[in-house]
1. Taking Gly141 as meeting all but one of (1) closer than 24 Å to Ala87 by Cα; (2) away from the ligand (no atom under 12 Å from the Cβ); (3) assigned to a loop (DSSP other than H, G, I, E, B), write down the number of the exception.
2. Could you tell me whether any residue of the range 67-82 is within 16 Å of the ligand (Cβ to nearest atom), within 24 Å of Gly129 (Cα to Cα), touching a residue at least 24 places away in the same chain (Cβ under 8 Å) and open to solvent by less than 60 Å² (accessible area, probe 1.4 Å)?
3. Does Gly251 satisfy being open to solvent by less than 50 Å² (accessible area, probe 1.4 Å) and of a type outside the set (Asp, Glu)?
4. Select from the range 186-206 the residues that are over 13 Å from Leu153 (Cα atoms) and hydroxyl-bearing (Ser, Thr, Tyr) and list them in ascending order.
5. Is there a residue being within 16 Å of the ligand (Cβ to nearest atom) and of a type outside the set (S, T, N, Q) anywhere in the range 176-184?
6. Every residue in the range 100-126 that is open to solvent by 10 Å² or more (accessible area, probe 1.4 Å) and either among the acidic types (Asp, Glu) or in contact with a Pro (Cβ under 8 Å, 6 or more places away or on another chain) (or both), please.
7. Would you confirm, using the coordinates I've provided, whether Ala259 is open to solvent by less than 60 Å² (accessible area, probe 1.4 Å), over 17 Å from Ala33 (Cβ atoms) and among the small types (Gly, Ala, Ser)?
8. Scanning for something closer than 29 Å to Leu41 by Cα and more than 16 Å from the chain's Cα centre (by Cα), does the range 102-109 turn up at least one residue?
Amino acid sequence: MKTVDIIYRYGAGDAPKRRPPSDSNAAVRRLNAGNRDFAALLDHVNDTSGVIEQIIPVDPRDLGLEPSGAGIPKQRPFAAVLGCSDARVPIELIFNEGPNDLFVIRVAGNGLGAEVLGSLKYAVEHLGGTLKLIVVLGHSGCGALTTAVDMFLNPGDYLTLATKHSLRDILDRSLLVVQASANKLLSTFGSDVSRHPGYRQALIEASIVTNAALAAHSLQQEFSTNERTTIRAVYGVYLLETREVWVPRLGDSKGIGLAPAPSGRDDFVELGNAVVQSSRIASHLKSKD
Ligand SMILES: [Zn+2]
């Protein structure tokens with residue numbers, strides 16, 4: 001087995017530094033490339049022995065190491081990321097980013113509660129000089145969406161949450177997404193689909209994608225009205241299995257990389273079709289085990 005070193009390197013003035021992305025497209029390209037590199041890093045880790053190094057250049061100024069002496073770094077992230085609190089999805093690490101690159105908010109189920117919206121509003125209004133992008137990142141195997149699906153499938157269990165308002169705050173906003181995903185599976189695969197052994201898993205996966213897409217759409221609407229910024233919202237699902245960021249896309253069987261937030265009903269219809277046609281989700285409904 002290979003040894004893998006992921007190194008955050010900062011040092012002398014001639015150490016390589018990365019330029020911040022100039023616009024939202026460049027920001028998407030940088031995040032996609034960073035995730036591609038991170039995912040590939042471990043692809044062949046079992047093949048042979050040796051050392052693989054991944055070096056992430058860090059500007060000393062981002063750690064308060066000004067040439068003239070210690071100072072407080074100015075905050076200058078190029079993207080704000082709303083991700084899940086799940087410990088298996090460390091945001092900077094999976095995008096090959098370092099300190100002061102990303103403004104990160106993590107909350108179970110990556111939903112849009114008041115504090116999340118307030119934090120993003122702060123980022124958009126106060127960090128607009130460098131901030132180019134808002135990313136909503138769901139992930140496979142999300143416990144929050146799994147619980148929402150189980151509540152949807154067994155409404156009686158919801159009674160156990162009757163007085164647990166903090167948990168209901170997280171789950172309630174997911175139930176609409178679960179309902180919409182269930183409707184799409186029903187209209188595509190027929191009324192018997194809910195009896196298929198793979199139905200629950202397919203519904204979880206479809207809900208995770210739709211949940212991230214809806215949050216990205218909401219954020220795009222929220223911030224596109226702000227004339228002081230041209231912030232763009234994108235979304236993706238981090239796959240724990242391959243460490244890649246994925247979105248189902250029609251005509252693209254792999255679907256790797258962040259996708260633009262759906263802009264309206266037509267985009268959501270297209271996304272729904274891509275979800276049910278994706279091999280990742282449809283495969284649960286083909287196997288009988
Ligand atoms: Zn999660």
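1. Evaluating Gly141 over (1) closer than 24 Å to Ala87 by Cα; (2) away from the ligand (no atom under 12 Å from the Cβ); (3) assigned to a loop (DSSP other than H, G, I, E, B) leaves (2) as the failure.
2. Within the range 67-82, one or more residues are within 16 Å of the ligand (Cβ to nearest atom), within 24 Å of Gly129 (Cα to Cα), touching a residue at least 24 places away in the same chain (Cβ under 8 Å) and open to solvent by less than 60 Å² (accessible area, probe 1.4 Å).
3. no
4. Across the range 186-206, the qualifying residues are Ser187, Thr188, Ser191.
5. yes
6. Scanning the range 100-126 gives Asn100, Asp101, Leu102, Phe103, Glu115, Glu125.
7. Numbers: open to solvent by less than 60 Å² (accessible area, probe 1.4 Å): yes; over 17 Å from Ala33 (Cβ atoms): no; among the small types (Gly, Ala, Ser): yes.
No.
8. The answer is no, given that none of the residues of the range 102-109 is closer than 29 Å to Leu41 by Cα and more than 16 Å from the chain's Cα centre (by Cα).
The values are calculated or read from the model by the stated rules, or taken from the named source; none is laboratory data. Note that the coordinates shown come from a computational prediction; the quantities given were computed from them, not determined experimentally. Reconstructed Cβ throughout: ideal geometry from the backbone, glycine too, with neighbour counts over all protein chains shown. Heads up: the accessible areas ignore ligands, DNA and RNA and are worked out on the full protein's heavy atoms, side chains in. Shrake-Rupley method; radii C 1.70, N 1.55, O 1.52, S 1.80 Å.
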